[in-house]
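One structure is given below, encoded as structure tokens.
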Amino acid sequence: MNFTASSILPENLGLISYEEKNYSVNISAPERAFLECLHLAPEKLDLVECYQVMEALTTLRPKLLQSLLEQCGSIKVTRLFLYMADKAGHDWYKHLDQSKFDIGKGSRTITQGGVYVPEFQIIVPVELVTL
């Protein structure tokens with residue numbers, strides 16, 4: 001098991017209690033966990049694999065996502081999330097008020113030698129765009 005700490009999201013937002021026998025631990029809800037995955041990509045996690053996970057995330061909660069994305073301290077994570085959610089075409093995506101998200105200014109290179117996606121101003125792997 002690897003433990004990674006970051007400060008891109010509020011300390012207690014999007015956590016749920018997991019209980020096993022006499023032990024309880026707080027873990028990330030699916031919405032927060034996926035944002036944390038994007039924070040680790042592409043250095044530690046493959047972006048295509050992250051997108052494949054995104055395709056399966058059909059039941060994310062828009063209200064929690066809204067809060068998490070409004071308070072997300074990473075422009076890279078916010079843009080990647082919005083790009084992948086839009087690409088996946090999930091119903092919950094249309095319920096997000098993107099005007100409240102900090103997406104910064106200018107383009108972001110997520111991967112060298114990738115493809116520029118003008119709507120989200122990011123450069124991502126060719127493999128991700130062609131899925």
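Every read-out reported here was derived from the displayed coordinates using simple, explicitly stated rules and does not represent laboratory data. Given the structure is predicted, the values throughout are model-derived calculations rather than measurements. Using ideal geometry, Cβ is built from the backbone for each residue, glycine included, and neighbour counts are taken over all protein chains shown.
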Subject >> Sites excluded, trypsin sites (Lys or Arg not before Pro) in DSSP loops with at most 10 other C-beta within 10 Å, longest stretch of the chain >> reply: 45-104
**OP:** Within the range 24-83, report the GluC sites (Glu not before Pro) that DSSP leaves as loop and that have at most 10 other Cβ atoms within 10 Å.
**Re:** E43
Original post:
Of the beta bridges DSSP finds with both residues in the range 15-129, what % are antiparallel, to the nearest 5?
Top reply: 80
**OP:** Would you work out which of Y93, L15, C72 lies farthest towards the positive end of the dipole of the range 15-129, given +1 charges on the beta-carbon of Lys and Arg and -1 on that of Asp and Glu, about the Cα centre?
**Re:** C72
Original post:
Mind checking the angle between helix 47-56 and the chain's longest principal axis? C-alpha axes, 0 to 90 degrees, to the nearest 10.
Top reply: 60
**OP:** Springs between alpha-carbon atoms under 10 Å, Gaussian network over the chain: tell me which of G113, G104, G14 tops the mean-square fluctuations.
**Re:** G113
**OP:** Under 19 Å Cα to Cα from K105, which lysines show up? Leave out anything in the same chain fewer than 8 places away.
**Re:** K76
Original post:
Between N12 and A56, how many nm apart are label points set 7 Å from Cα along the C-beta direction?
Top reply: 3.1
